[in-house]
Amino acid sequence: MNLVKPSKPVTGRVVANELCMNGKSSSFVKHLTIDVSDTPLAGTFRAGQSFGVITPGKDEKGKPHKVRLYSLACPTWGEDGAGNVLSTTPKRLLDEHRPQRRGDDSDNHRLFLGVCSNYLCDLNAGDEVSLSGPNSKRFLLPVDPDDHDYLFLATGTGIAPYRGMLEELLNAPGGPCKSQIHLVMGTPYTSDLLYHDYFEVLATQHDNFHYHTAISREPLPDGRRGRYIDSLLEDKLNEFTPLLAGSRTLIYVCGLAGMQLGLFKFLARHDLDGDYCERRKPLDGLAPEVWTPEQIKRGIHPTGRCMLEVY
Ligand code: A2P
């Protein structure tokens, strides 16, 4: 970790920057590949880690931009098989200003563009980019991947690390991992699914890999409204109970912090939470249905079998 500090970044060179949504969408998400050959980052990152990007120029206070972390979307051996080309999945942040604090201009609702995400999405092949890292020591695959089964949960760009991990598990040079692997991807619309074709192909090639999508703003075939990841787990309880009750299963959660709320409530409701988290004081005597986000934050402590990367 932290082989390259943000104060002394190294220079990578963009290889390609391509949209990776599933058709026309109101959001813009890229698969960005960057060559880091001949830097300390080459060959030293691992699937599931992140790296830092330092946007050139100064912020509105005249200070250099702070480092921003992006999840790797590639396996440990990189996009090139030799650890020289890393990748990530930046999404353009487009939003409106809204008053946050007392004194903020309540009439200001002008367009706001995320600095680093739009910088990355604008890059072209050949452009240079300042990088640091690698970062994160917990959101990693286990040392012996065959010893475990996996439930991977993602919302939006939280899918990035799983692209790398699945490549590592299923397209390993020594042959594919035979464990049960379930990926659940949550997006607003079908067109927002990321790397969708890649996961569909993997699922046709590997009987042990199961790809599920939870689309929140499109009705289900039976007329019910769209669903979040935890509702999909509930709907497919018969499929997920044996996986979650298994003694070798690991849960990975990457994406919106709110996703934890539904997940931990779902696990507790079915008495499946014990191996994945410890419940502490604020939750004593309370039914899962009434847990609040704040209580979950203080009262749920993930064990080594539950990896969280939420924002
Ligand atoms: P929605 O926005 O319809 O409420 P993206 O990052 O591309 O916007 O996708 C995030 C996805 O996660 C959306 O489908 C969003 O639904 C969904 N989402 C929002 N809040 C939660 C939550 N608490 N638990 C699970 N999924 C959520």
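Nothing in this text is a laboratory measurement; each read-out follows from the coordinates by a stated rule. Predicted model only: the values in this text are computed from it and were never measured. Neighbour counts run over all protein chains shown; Cβ positions are idealised from the backbone, glycine included.
Odds and ends about this structure:
- Rounded D (µm²/s) - region 7-51, Kirkwood Rh over Cα pairs, Stokes-Einstein at 25 °C, 0.890 mPa s: 193
- Distance between modelled label sites at residue 298 and residue 257, nm, 7 Å Cα→Cβ extension: 1.5
- Length-normalised contact order for the chain - Cα pairs under 8 Å, 6+ apart - percent: 18
- Residue 100-residue 5 FRET efficiency (beta carbon distance; Förster radius 22 Å; 0.05 resolution): 0.10
- Hydrodynamic radius of the chain per Kirkwood, over alpha carbon pairs, in Å: 20.8
- Normalised per residue, the volume of the convex hull around the Cα set of region 1-138 (Å³): 135
- Cα pair distances of region 254-304 binned at 10 Å [whole percent]: 26, 65, 9
- Percent of beta bridges antiparallel (DSSP, the chain, rounded to nearest 5): 55
- Diffusion of region 98-214 by Stokes-Einstein, at 4 °C in a medium of 1.567 mPa s and with Rh set to the Kirkwood radius over alpha-carbon pairs, works out to 74 µm²/s.
- Euclidean distance between Cα centres, region 248-311 to region 43-118, Å: 28
- For residue 305, net neighbour charge (Lys/Arg +1, Asp/Glu -1) across residues whose Cβ lies under 13 Å away: -3
- Prolate/oblate/rounded call for region 154-292, Cα gyration tensor, a/c under 1.5 rounded: oblate
- Overall, the anisotropy analysis places region 66-121 in the prolate class: the square-rooted eigenvalues a ≥ b ≥ c of its C-alpha gyration tensor yield a/c not less than 1.5, with a/b exceeding b/c.
- About the centre of its Cα atoms, region 1-136 shows a dipole size close to 480 debye [charges on the beta carbon of Lys, Arg (+1) and Asp, Glu (-1) only; nearest 20 debye].
- Under the combined filter of DSSP loop state and at most 16 neighbouring Cβ atoms within 10 Å, region 115-196 retains these trypsin sites (Lys or Arg not before Pro): 137, 138, 178.
- In a reduced charge model with +1 at each Lys and Arg Cβ and -1 at each Asp and Glu Cβ, the chain shows a dipole moment near 1140 debye about its Cα centre.
- Label-point separation, residue 287 to residue 112 (7 Å along Cα→Cβ), nm: 3.8
- Interchain or long-range residues, amide H under 5 Å from residue 210's placed H: 181, 182, 183
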